[in-house]
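Every read-out reported here was derived from the displayed coordinates using simple, explicitly stated rules and does not represent laboratory data. None of the values given here were measured: they were computed from a predicted structure. Cβ placement follows ideal geometry from the backbone for every residue including glycine, while neighbour counts extend to all protein chains displayed.
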Amino acid sequence: DAGVTQSPTHLIKTRGQQVTLRCSPISGHKSVSWYQQVLGQGPQFIFQYYEKEERGRGNFPDRFSARQFPNYSSELNVNALLLGDSALYLCASSFLARVIGTEAFFGQGTRLTVV
Amino acid sequence: GDSVTQMEGPVTLSEEAFLTINCTYTATGYPSLFWYVQYPGEGLQLLLKATKADDKGSNKGFEATYRKETTSFHLEKGSVQVSDSAVYFCALSDRDSGGSNYKLTFGKGTLLTVNP
């Protein structure tokens with residue numbers, strides 16, 4: 001079975017531009033979460049979607065938005081990019097919305113560089 | 001808010017040495033605790049977990065015990081191998097106001113290098 005797939009793997013954008021990152025969860029998983037991992041830091045929670053509804057949001061500005069599609073894939077959008085948005089963006093999928101009683105599987109991430 | 005503090009790296013060991021990576025946490029409720037591992041060029045993988053006090057999580061020779069009295073979840077392995085070289089993250093998940101756990105709070109990670 002395919003794991004969590006993210007695209008693209010690498011991306012370079014200019015300050016002020018907009019970017020869309022994509023995630024396909026493991027087949028049968030209905031929950032997708034997004035995390036930002038700045039170099040040298042642990043991942044920070046951005047969003048969780050379950051059954052196409054937002055279930056949680058981390059402490060990120062409104063420039064960050066996401067959505068989940070009927071096939072449970074998800075997009076993360078970031079507008080008006082700043083240099084500080086440069087990071088590895090991780091997607092995690094799980095069968096249930098909660099972390100307990102189910103395992104979150106992570107993709108390899110999208111490396112975003114803002115110049 | 002919730003937070004996780006783990007020992008600063010990098011940690012460099014010789015093969016077959018004993019490993020300890022310290023992790024302490026702050027949470028308002030009764031969190032579940034996790035260790036994730038990130039091998040070079042790969043995503044995060046769940047290594048082990050514990051959901052209540054005094055539980056011991058174990059996998060691939062690694063162990064960690066949930067210590068509520070010391071708010072700790074230290075990772076240990078008796079004999080490390082070169083293939084254990086990776087970044088290790090301690091994480092917690094606490095119940096939100098709605099009573100469900102939906103996000104992970106991670107520490108900064110500890111880079112482990114094991115030399116032959």
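So the values come out like this:
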read-out: Extension gain (nm, one decimal) between B:Ser58 and B:Glu76, 0.36 nm per residue minus Cα-Cα; value: 5.5 nm
read-out: Sorted by Cβ density within 10 Å, fewest first, the residues B:Lys77, B:Lys103; value: B:Lys77, B:Lys103
read-out: Derived scalar couplings ³J(HN,Hα) [the stretch B:55-71; Karplus, 6.51 cos²θ - 1.76 cosθ + 1.60; whole Hz; x for Gly, Pro]; value: 5, 10, x, 8, 5, 6, x, 8, 9, 8, 10, 6, 10, 5, 5, 10, 6
read-out: For A:Ala66, distant residues with modelled amide H under 5 Å away; value: A:Asn77
read-out: Cα-Cα separations in the protein assembly as shown greater than 30 Å, expressed as whole percent; value: 24
read-out: A:Asn77 paired with A:Thr113, simple spin-label distance in nm, labels 7 Å along Cα-to-beta-carbon; value: 2.7
read-out: Highest average packing first - A:70-79, B:49-58, Cβ atoms within 10 Å; value: A:70-79, B:49-58
read-out: Förster-model FRET efficiency, 25 Å R0, A:Asn59 and B:Glu69, C-beta, rounded to 0.05; value: 0.25
read-out: A:Leu39-A:Thr20 pseudo-label distance in nm [points 7 Å out on the Cα-to-Cβ vector]; value: 2.9
read-out: Shielding by partners - mean other protein chain Cβ count within 10 Å, residues of A:36-42; value: 4
read-out: Per-residue HN-Hα couplings for the stretch B:76-81 [Karplus 6.51, -1.76, 1.60; θ = phi - 60°; Hz; x = Gly/Pro]; value: 9, 8, x, 8, 7, 10
read-out: Residue order, fewest to most surrounding Cβ atoms within 10 angstrom, among A:Thr110, B:Thr24; value: B:Thr24, A:Thr110
read-out: Cα gyration tensor shape of the stretch B:26-116, rounded if a/c is under 1.5, else prolate or oblate by comparing a/b with b/c; value: prolate
read-out: Ranked list, fewest to most other Cβ atoms within 10 Å of each Cβ, for A:Ser31, A:Ser24; value: A:Ser24, A:Ser31
read-out: Other-chain or far-sequence residues with amide H under 5 Å of A:Gly109's (modelled H); value: A:Gln6, A:Cys91
read-out: Estimated translational D of chain A in µm²/s (Stokes, Kirkwood radius over Cα pairs; 25 °C; 0.890 mPa s); value: 175
read-out: Shielding score for B:104-114, defined as the mean number of other chain Cβ atoms within 10 Å; value: 3
read-out: Flagged links, alpha-carbon separation over 23 Å, of A:Lys52/B:Lys52; B:Lys77/B:Lys108; B:Lys68/B:Lys103; value: A:Lys52/B:Lys52
read-out: Test item: B:39-46 mean partner chain Cβ contacts at 10 Å; value: 5
